[in-house]
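Heads up: the structure comes next, in structure tokens.
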Amino acid sequence: MTYTLHRTQVVAQDLASVFAFFKDPHNLEAITPPWLRFRILMASDATVRAGTRIRYALRILGVPVQWESAITHYEENRAFADEQVVGPYRSWYHRHEFREVPGGVEIVDHVTYALPFGPLGRLVHALVVRHQLRAIFDYRAKRIRERFARPT
């Protein structure tokens, strides 16, 4: 079974600045919840582009996990997508989209993912994973809002 997560938010900044923040793989640490103990182990490029590989370490429910993603799609100042190469999901595809809108930049996250283990995976998704992903993306939205807030 495949699941999706879709999030949209608008920040009051210019497109080039927002995209520059997201294409630096090390900024992912700044928008990831501390309870995941997320850290980047390796990034093949200083900024993402098609073919970039990024390896992370994190903890899911306290269990250490290694994850590696590849940037499989890249359009400067428009979009990029990362796809799990090694990790806890049967599949994970996360498309990041950016576009200018009145008042700033719209950031869209669209994630399509599947869990291993058939019926057990569906149960774990219903009981844990769905809620955990929502909490992670809620945290990300908050940190992104703070990062791009206009000074008062």
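The values are calculated or read from the model by the stated rules, or taken from the named source; none is laboratory data. Computed from a predicted structure; not experimentally measured. Because the Cβ atoms are built from the backbone with ideal geometry, glycine has one as well, and the counts that use them run over all protein chains shown.
Annotations
- Residue that is farther than 17 Å from residue 97 by Cβ, of a type outside the set (Asp, Glu) and touching a Phe, Trp or Tyr at 6+ places or on another chain (Cβ under 8 Å), where the choices are 55, 37: 55
- The range 57-81: number of residues that are assigned to a strand (DSSP E or B) and either of a type in the set (D, E, K, R) or closer than 22 Å to residue 18 by Cβ (or both): 11
- Checking the stated criteria, residue 140 turns out not to satisfy the condition of being charged (D, E, K, R), surrounded by fewer than 16 Cβ atoms within 10 Å (Cβ to Cβ), under 25 Å from residue 39 (Cβ atoms) and in contact (Cβ under 8 Å) with a residue 60 or more places away in the chain.
So that you can scan it fast, the table gives a plain yes or no per residue for (1) modelled with pLDDT of 95 or more; (2) assigned to a helix (DSSP H, G or I); (3) surrounded by 16 or more Cβ atoms within 10 Å (Cβ to Cβ):
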residue	(1), (2), (3)
94	yes, no, yes
97	yes, no, no
110	yes, no, yes
146	yes, yes, no
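- Test: residue in the range 56-78 that is closer than 21 Å to residue 139 by Cβ, small (Gly, Ala, Ser) and buried (at least 18 other Cβ atoms within 10 Å of the Cβ): yes
- The requirement of being β-branched (Val, Ile, Thr), within 25 Å of residue 2 (Cβ to Cβ) and not in a strand (DSSP E or B) is fulfilled nowhere in the range 82-89; no residue meets it.
- Evaluating residue 87 against the criteria (1) in contact with a strand residue (DSSP E or B) (Cβ under 9 Å, 6 or more places away or on another chain); (2) in contact (Cβ under 8 Å) with a residue 24 or more places away in the chain leaves one unmet condition, (2).
- Positions within the range 64-91 being among the aromatic types (Phe, Trp, Tyr) and within 22 Å of residue 144 (Cα to Cα), in sequence order: 74, 80
- Scanning the range 1-35 for residues that are aliphatic (A, V, I, L, M), under 15 Å from the mean Cα position of the chain (by Cα) and either outside any helix (DSSP H, G or I) or surrounded by 17 or more Cβ atoms within 10 Å (Cβ to Cβ) (or both) gives 5, 18, 28, 31.
- Residues satisfying the stated conditions in the range 112-137, i.e. aliphatic (A, V, I, L, M), in contact (Cβ under 8 Å) with a residue 12 or more places away in the chain and either part of a helix (DSSP H, G or I) or under 20 Å from residue 48 (Cα atoms) (or both): 128, 129, 133, 135, 136
- Which numbered condition residue 52 fails, given (1) at pLDDT below 95; (2) within 20 Å of residue 71 (Cα to Cα): (1)
Residues checked against (1) within 23 Å of residue 41 (Cα to Cα); (2) over 15 Å from the mean Cα position of the chain (by Cα):
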{"residue": "64", "(1), (2)": "yes, yes"}
{"residue": "70", "(1), (2)": "yes, no"}
{"residue": "74", "(1), (2)": "yes, no"}
{"residue": "106", "(1), (2)": "no, yes"}
{"residue": "112", "(1), (2)": "no, no"}
{"residue": "121", "(1), (2)": "no, yes"}
{"residue": "138", "(1), (2)": "no, no"}
